[in-house]
Amino acid sequence: MATLRKTKVGKYTYWQIVESKRVDGKPRPVVLMHLGTADQLLYKLREGPVKKTVRSASHGAVWLLFKTAEELGLKDTFYRLFGTQVRDDLLVGQSLLFAAIHRAVRPGSKKSFSWWAKQTTLPEIGRFNPEDLTSQHFWDQMDTVTDEQIEAVEKEITAKMIDRGLISTRLLFYDLTNFFTYIDTENGRSKLAQRGRNKQKRHDLRQFGLAQVVTKEFLIPVLSEVYEGNKTDKTLFIPFITRLRHKLSELNLNLEELTVVFDQGSNTKNNFAELDKHQLPYVASLTPSYHEDLLNIDFSHYRPVIVGGNQLLCYRTKKQIWGKEKTVVIYLSERLRRGQLNGLKKALKKKNEQLQELKQKLNAPRARKKKREDIEAKIKAILKGERGELLIRVFIDEISEGHFDINWEIDPENYRFVTENIFGKKLLVTGRNNWPEEEIIKAYFGQRNIERVFKNFKNPDHHAVHPQFHWTDQKVKVQTFVCLTGLLLTQVIWKKAREAGYNYSIETLLDKLTEVRQAEVVSLTGFKGKPSKEVQLEEMEPELLKLYQVLDK
């Protein structure tokens with residue numbers, strides 16, 4: 001039974017809770033708790049231990065990204081290869097790493113970095129004062145970075161990831177995209193920013209392009225290159241693939257196991273000839289409208305295959321393509337067909353509206369006289385794309401001299417041919433003649449992965465290359481490299497989460513980890529005791545805590 005005991009030490013009297021226990025067979029009082037003096041005991045009884053949270057900040061995402069950079073050796077590579085300039089007690093590599101974490105978690109301008117960093121534990125993790133990291137800080141650090149340094153860093157990171165088993169080069173997926181900029185038309189210093197067909201429909205702005213190769217496993221980037229915005233997919237393919245082969249050779253990888261997967265935008269006679277010349281295996285798609293003989297093959301010749309747990313109908317043959325016999329696989333996809341029908345419906349509706357608008361202008365009471373060839377040119381512009389010229393028949397009637405009317409209709413035979421013979425069919429060509437149809441189709445399905453990578457780069461909430469407010473080619477390249485680094489770190493964390501059984505998207509995973517917060521707690525536990533400060537995670541949902549603990553191992 002516990003009792004209170006008074007004991008005197010010097011001029012002070014203290015109270016203890018003791019309990020009688022046998023020690024070596026003899027009863028002895030054993031102290032269970034020291035209560036302190038009577039004043040201290042009274043204070044504790046009235047006030048209790050005082051705890052106060054003085055700061056709470058987002059911790060999970062920034063910590064795991066930084067920790068991943070350390071584990072991959074990426075932090076050491078950045079600090080060592082990006083030069084020795086120090087600004088605000090930070091090396092260039094440190095500044096770039098913090099910027100990459102910023103782009104991954106919450107993309108924003110360099111001006112907003114300090115405000116964002118204060119909401120996180122990154123300043124404590126990286127040991128920097130967020131007030132010092134201004135726009136000027138990042139500009140000065142970025143100014144020192146060269147193309148050669150970026151290439152050396154990419155090469156070393158790839159080698160380290162291969163050593164850790166994070167990259168397999170058996171299947172590599174190649175694609176390109178572009179990003180609009182706010183670089184002024186009169187700015188002649190930028191060679192990257194050029195006019196071109198912008199994939200975000202910002203044709204009014206100059207743009208630059210990004211070519212990239214990623215792995216099948218978790219979309220890890222292997223090689224990337226920023227290029228001029230007016231270059232086409234077809235002209236960039238061979239130089240980029242050549243650079244890829246050289247990089248993989250320098251890393252002592254077996255090129256015989258490599259297969260490049262790409263879409264029809266890079267299909268040309270010269271590109272296929274170069275691939276054949278270097279005996280570089282590939283899986284690529286063909287433009288269906290150029291191979292009507294294959295589209296007209298009766299469905300009775302197709303056979304079922306299982307790809308990714310789903311049954312598809314496919315047909316395999318050999319055909320002369322650009323003067324050389326190649327293996328061709330055609331497969332049917334109802335999902336693809338539904339998507340194409342939906343897209344066609346929207347396209348025809350828009351063209352119908354444009355033709356109706358033209359008709360109203362021609363029939364206006366005060367319409368000026370027109371030339372037939374001018375009307376034909378306008379109709380041609382309206383019908384261009386989405387098979388408009390094939391599917392819509394337009395009739396021009398001259399009502400009186402210089403005054404015309406138009407009418408139109410859907411060509412039923414061509415509509416049936418497109419929707420039944422073309423839609424839903426995908427034509428693949430490959431140099432892997434010994435692969436079964438299932439493996440060829442499965443390889444091409446992976447091409448969707450790189451589209452997801454580019455989608456991440458245009459996601460305003462995570463990894464976005466935008467906002468892009470740099471005015472020189474050098475800074476555009478560094479900015480893009482920083483975004484790629486942020487995505488790389490995130491992909492490795494995502495891979496670890498997937499292997500642990502979590503099927504979150506990259507965006508959802510980052511959002512959840514951002515909710516893991518760390519608090520600084522000040523405690524006062526005695527009448528005359530000094531305040532103590534401790535750092536601890538805030539309470540959170542058990543499932544979120546479990547996720548964080550799995551990733552923080």
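Kindly indicate which of T508, T485, T480 is within 15 Å of the chain's Cα centre (by Cα), among the hydroxyl-bearing types (S, T, Y), surrounded by fewer than 20 Cβ atoms within 10 Å (Cβ to Cβ) and more than 30 Å from Q40 (Cβ to Cβ).
That would be T508, the only listed residue that is within 15 Å of the chain's Cα centre (by Cα), among the hydroxyl-bearing types (S, T, Y), surrounded by fewer than 20 Cβ atoms within 10 Å (Cβ to Cβ) and more than 30 Å from Q40 (Cβ to Cβ).
Of all residues being in a strand (DSSP E or B) and among the hydroxyl-bearing types (S, T, Y) in the range 163-187, which is farthest from V214 (Cα to Cα)? Just the residue, please.
T177
For the range 125-148, how many residues are under 16 Å from F113 (Cβ atoms), touching a residue at least 24 places away in the same chain (Cβ under 8 Å) and either in the same structural domain as A519 (by TED's automatic domain parsing) or not in a loop (DSSP other than H, G, I, E, B) (or both)?
Number satisfying all stated conditions: 10.
For the range 188-207, enumerate the residues that are of a type in the set (A, V, I, L, M, F, W, C) and either in contact with a helix residue (DSSP H, G or I) (Cβ under 8 Å, 6 or more places away or on another chain) or not in a loop (DSSP other than H, G, I, E, B) (or both).
Those that are of a type in the set (A, V, I, L, M, F, W, C) and either in contact with a helix residue (DSSP H, G or I) (Cβ under 8 Å, 6 or more places away or on another chain) or not in a loop (DSSP other than H, G, I, E, B) (or both): L192, A193.
Counting only residues that are outside any helix (DSSP H, G or I), more than 36 Å from the chain's Cα centre (by Cα) and among the acidic types (D, E), which one in the range 345-398 is modelled with the lowest pLDDT?
Selected residue: E398.
Do the conditions hold for T485, that is, is it on the phi < 0 side of the Ramachandran plot, of a type outside the set (K, R), at pLDDT below 90 and not assigned by TED's automatic domain parsing to the domain that holds L96?
No; evaluated as a whole, the condition is false for this residue.
Return yes when R127 is out of contact with any strand residue (DSSP E or B) (no Cβ under 7 Å at 6 or more places or on another chain), on the phi > 0 side of the Ramachandran plot and at pLDDT below 95 and no when it is not.
Yes; evaluated as a whole, the condition is true for this residue.
Report every pair of residues separated by at least 6 positions or lying on different chains whose Cβ atoms are under 8 Å apart, first residue within the range 534-553 and surrounded by 14 or more Cβ atoms within 10 Å (Cβ to Cβ), second among the polar types (S, T, N, Q).
Close Cβ pairs (under 8 Å, with a partner that is among the polar types (S, T, N, Q)) amount to L537/Q518; E538/S56; E538/Q518.
Quick check: is even one residue across the range 152-172 without any contact (Cβ under 8 Å) to a residue 40 or more places away in the chain, farther than 30 Å from I238 by Cβ, surrounded by fewer than 21 Cβ atoms within 10 Å (Cβ to Cβ) and not aromatic (F, W, Y)?
yes
What residue, of Q207, Q194, is over 21 Å from H463 (Cα atoms) and polar (S, T, N, Q)?
Exactly one residue qualifies, and that residue is Q194.
Out of the residues in the range 399-451 that are more than 30 Å from L258 (Cα to Cα), touching a residue at least 12 places away in the same chain (Cβ under 8 Å) and in a helix (DSSP H, G or I), state the one that is nearest to the chain's Cα centre (by Cα).
Filtering first and then ranking leaves I422.
Just give me the residues in the range 258-277 being among the polar types (S, T, N, Q) and closer than 15 Å to V328 by Cα, in sequence order.
If the condition is that a residue be among the polar types (S, T, N, Q) and closer than 15 Å to V328 by Cα, then Q264, N267 are the ones that fit.
The values are calculated or read from the model by the stated rules, or taken from the named source; none is laboratory data. Note that the structure is a prediction, hence the values are computed from the model and not measured. Glycine gets a Cβ as well: all are built from the backbone with ideal geometry, and neighbour counts include every protein chain shown.
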